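The values are calculated or read from the model by the stated rules, or taken from the named source; none is laboratory data. None of these values were measured; they are calculated from a predicted model. With ideal geometry, Cβ positions are generated from the backbone for all residues, glycine too; neighbour counts draw on all protein chains shown. Just so you know, the surface numbers come from the protein's heavy atoms only, side chains and all, with ligands and any DNA or RNA stripped out. Shrake-Rupley method; radii C 1.70, N 1.55, O 1.52, S 1.80 Å.
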Amino acid sequence: MMKRILIANRGEIACRIARTCQKLGIDAVGIYSDADQQGRHVREIGHCIALGGSLASESYLNIEKVINAAKNSGCDAIHPGYGFLSENPEFADAVEQAGLIFIGPRADSLRRFGDKSAAKKEAISAEVSVIPGSDGKLNDPKEIAELVKSMRLPVMLKAAAGGGGKGMRVLNDLEGLDANINAAMSEALRSFSDDALIVEQCINNARHVEVQIAGDGEGNVVHLFERECSLQRRQQKVVEEAPAVFLNTNLRNALLSAACRLGRNIQYRGLGTVEFLVLGDEYYFLEVNPRLQVEHPVTECITGLDLVELQIRIANGEGFGFEQTDIQAKGHAIEVRLYAESPAQNFMPSTGKIDFIKFPGEKLRIESGVDTADEVSPYYDPMIAKLISEGDTRAQALDRLVQGLSETAIFGIDNNRVFLHQLLSKEEVRADRIDTGTLDRWLLDYSEKND
């Protein structure tokens, strides 16, 4: 077993990984930027290495600094968490070349899944249904425009190298086509240093379902069931739950089987999430996130597994320690992300000092990266915490989460607590009559009421 792990991340996920290290008797070493000198993850982990700089490019994204921190502190391995360097194949290669263990997929898998066009080719090779559109990524605006004109509207433009809704445009008509293409390419270049796009048919009123897989790197792949992520704002997830209760048995089995088949096709190692759009009885491959997901706690709740521990054991060459038939899903879990942002101001991020924050003492799992008197920095994602509820049924889990949001108090900084409470209280959400456009449609009305 590894003796010491460098956690190459910050905030709540760094705290989360450190807890599992402590449980396993593994020393955890953290890193921090200038902006995070007083951060909660620094206080909780204790043994932390200063990287300098406040910008992510000067600290958490600096491969040389991160690896030197691991080597100089006597670490055996590096856990990248999510975001930052977690999907960077050059980082994974550099970690292994430094004689350390990368707790994640092999660099080859990151290359094959990290780019949307490459991942789509892998899905086709594994005979997984894909969304009609371009065969690969495109860099020529004129070629993109011609393809769009030949397709049935609406059409989706997506950054080939990206995620999180960046570099995406939905084209409902051809008005301003060139401007939309240029805007998507510019945003893709700024966000991912690659302006390539893929073009796909836009599938409206669908559900977004993702399957959690784990591979041992030897061709054995298991699923840990699925998550429902349809409540999104501009392609960014707001609410995640497990399982997806709308799926019938045949459709669920087809999705789980397709995800595992894709993982086996490249002898996947570690955790990954295979994402799909589901419309009626049809499903379409979207992408693979070859890392730990923000929403992994809901899967932990229904399976009883510690996914960080699973990542560590796989990276250590121990395999799963269980068979597919050993994994059972029980009950229901829901997660929301509490952000420092202003819903009334088009969800503009908010920064500054948190004067007071308090979460419910029971019935909710809280994953937080801040405490009272901490600062929310302008340099990183403004997520304050994740609130996760469990219940025997979806209705019970919803009730507990709504109640928990009511009992959550935060002062000194704008946040989306009230917005989340209102969202989960909506009749359509409680009745599970949702799709990927539900939240954006509601937000039109919400914005008018809060002007």
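Over all other residues within a Cβ to Cβ distance under 15 Å of Gly53, the charged ones net out to -2, with Lys and Arg as +1 and Asp and Glu as -1.
For the chain, the per residue solvent-accessible surface stands at 41 Å², with DNA, RNA and ligands left out and a 1.4 Å probe.
Along the axis of the charge dipole computed for the chain (Cβ charges of +1 for Lys and Arg, -1 for Asp and Glu, origin at the Cα centre), the listed residues Gln396, Phe419, Pro382 are led at the positive end by Gln396. Taking a ≥ b ≥ c as the square roots of the eigenvalues of the alpha-carbon gyration tensor, the stretch 162-213 is classed oblate because a/c is 1.5 or more while a/b is no larger than b/c. Geometric descriptor of the stretch 58-119, per residue, is 77 Å³ (volume of the convex hull of the Cα atoms). Average projection, convex hull of the Cα set of the stretch 360-442: 6.5 square nanometres. Just so you know, the averaged projected area of the alpha carbon convex hull for the stretch 115-239 sits at 8.7 nm².
Counting helices only, and only those DSSP H runs with n ≥ 4, report the 222 nm mean residue ellipticity of the chain as the sum of -39,500 (n - 2.57) divided by its residues, in deg cm²/dmol to the nearest 500.
Counting only the DSSP helices, I get -10500 deg cm²/dmol.
By the combined test of axial Cα extent (at least 18 Å) and Kyte-Doolittle hydropathy (mean at least 0.0), the qualifying DSSP H helices of the chain come to 11-24, 177-192. Cross-linked pairs Lys386/Lys426; Lys23/Lys330; Lys137/Lys386; Lys71/Lys237; Lys120/Lys426: Cα-Cα separations exceed 26 Å for Lys137/Lys386; Lys71/Lys237; Lys120/Lys426. Only protein atoms count toward the accessible area here, which uses a 1.4 Å probe; on the chain, the carbon and sulfur part of that area reaches 45 percent.
This model, with +1 at the C-beta of Lys and Arg and -1 at the C-beta of Asp and Glu, gives the chain a dipole about its Cα centre of some 380 debye. Of the trypsin sites (Lys or Arg not before Pro) found in the stretch 1-84, those that fall in a DSSP loop while having at most 15 other beta-carbon atoms within 10 Å are Lys3.
Under Stokes-Einstein, with the Kirkwood radius over Cα pairs as Rh, the value for the stretch 11-140 at 25 °C and 0.890 mPa s is 150 µm²/s. Shape annotation for the chain: C-alpha extents along the principal axes are 57, 48, 46 Å, from largest to smallest.
All Cα-Cα distances of the stretch 189-255, cut into 5 Å bins from zero to the largest, leave 4, 12, 17, 17, 17, 17, 12, 4, 0 percent in each bin in turn.
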